[in-house]
1. Could you please rank I108, I90, placing first whichever residue has the fewest other Cβ atoms within 10 Å of its Cβ?
2. For a label point 7 angstrom out from the Cα of D139 toward its Cβ, which stretches of segment 168-186 have the backbone nitrogen within less than 17 Å?
3. Using Cα centres only, tell me the gap between segment 91-130 and segment 34-56 in whole Å.
4. So for the pair S6, A131, with labels modelled 7 Å out along Cα→Cβ, what separation do we get in nm?
5. Give the Debye-formula value of log10 I(q)/I(0) at each listed q (0.11, 0.20, 0.22 Å⁻¹), with one equal scatterer per alpha carbon of segment 94-185, two decimals each.
6. I want to check the label-to-label distance for S185 and E92. Put each point 7 Å from Cα in the C-beta direction and report it in nm to one decimal.
7. Starting with the fewest neighbours, write out T66, T116 ranked by other beta-carbon atoms found within 10 Å of each beta-carbon.
8. Just want the ordering: R27, R93, from fewest to most Cβ atoms lying within 10 Å of their own Cβ.
Amino acid sequence: MNKIKSIVIAGIAVTFGLASCDSGNLRRTPGHVYAPDMTYSRAYESYTSNPNFEDGLTSRNPIAGTVARGHQLPDHMVEGDTMGYKSYTINERFTADDVKEGGRLFNIYCGICHGTALDGNGPLYSSGKFAAMPANFKDGKYLHMPVGQMYAGIKFGKNMMGSYASQLDIKQRWMVIAYIKKVQSENGGDAFAYGVAETKADTTKAAAADGDKKLADNKK
Ligand code: HEC
């Protein structure tokens, strides 16, 4: 009799055991957690609502009038002020490395249309997939184009060309323009006026090398 009883109890236990494995009922909570403040974030996640702000958003815009560390001052260029574009310029000058970086960015963002040879014949245009002829920077029409106008083209776009403001920050836009101007100067354009006379000495490397030498001397 006892044997039958225990078989029945074991049967019931197995039935309940299997029933608790019901996979149709997806569990979203981990049950007991070891470190709750790690499992459940106490900070507001970026894209969640937030009762502390009037607009209810956690992600905040930069405070008006401030500039994030490592970023440049705003350019104050006004969209549509085409006369303003033409006279807009910068005092900043670029090292050979900056110009090289400008070329790298140009090939990533602009070469597809303007061509890596800057002749307006990039693969998107030459394949017939993009109908509007991109500017040929080696052509007379663009050879002497003011840098401010180029900057406006990148920032606001021009007709069929979209804005590249979200892909390139202010410094990067000017590095790309410096690169275009450099290539233009070698192809009948104005003399290149945006470079520094010589590449700035890399003081960190020089200082490190100097330090290494002193260490070596001390060991002698
Ligand atoms: C999707 C193709 C496309 C890409 C990518 C593109 N452009 Fe253009 N761009 C054009 C076209 C088309 C024009 C001619 C617009 C017109 O005058 O109607 C143009 C014109 C220009 C002009 C002349 C603006 C003016 O005022 O006439 C500049 C400068 C320029 N592009 C720079 C750039 C730079 C720098 C990049 C990369 C950051 C770039 N473009 C990326 C298609 C493109």
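1. I108, I90
2. Within reach of a label on D139, which here means backbone N under 17 Å from a point 7 Å along Cα→Cβ, segment 168-186 contributes 184.
3. When both Cα centres are located, 43 Å separates them.
4. 8.7
5. Taken in order of the listed q values, log10 I(q)/I(0) reads -0.27, -0.94, -1.16.
6. Taking the two extended label points, one gets 1.7 nm.
7. Least crowded to most crowded, the residues run T66, T116.
8. Working: R27 8, R93 12.
Lowest to highest Cβ neighbour count: R27, R93.
Values in this text are rule-based calculations from the coordinates and carry no lab data. Being a predicted model, the structure only gives us computed values, none of them experimental. Note: ideal-geometry Cβ built from the backbone for every residue, glycine included; neighbour counts use all protein chains shown.
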